[in-house]
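Participant: One structure, pasted below without further comment.
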Amino acid sequence: MAGRTPNNEYTSRRDRRQGAPETTFREAEYIDRLSKSRTPVVVKLIDGEEVKGWIEYYDKDIIRVTRETGPNLFIYKNRVKYLYEDPSSAHGRSRETKG
């Protein structure tokens, strides 16, 4: 019988395997890196709208997205579906070295 032994140890690999954690608590570290490097990002909101810019400021509840062509936005994190680095941006080290 596969399962547990009397001392509550699992005997099969399948029983010992755990799923991925729901949260890794690395969000702040990632957003901080994006903010410091002024990496262009795309923020996808839960209503389907996309906002492009870079993260200038963040805290536990909001992020501030600065845009070149529009007004800066404060976005509540609970309205964000996901965000990612903007692949269409020609961001390079030249922006960081200007000064």
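Participant: Straight distance only, please: which aspartates and glutamates reach the Cα of LYS77 with their own Cα at less than 18 Å, same-chain residues fewer than 8 apart left out?
Facilitator: By straight Cα distance, LYS77 reaches GLU22, GLU27, GLU29, ASP32, ASP47, GLU49, GLU50, GLU56, ASP59, ASP61, GLU85.
Participant: Which value does Rg/Rh take for the range 22-87 over its C-alpha atoms, Rh per Kirkwood?
Facilitator: Values: Rg = 11.1 Å, Rh = 11.9 Å.
Rounded to two decimals, Rg over Rh is 0.93.
None of the figures in this text is laboratory data; all of them are computed from the coordinates on show. Bear in mind the structure is a predicted one, so any value in this text is a computation, not a measurement.
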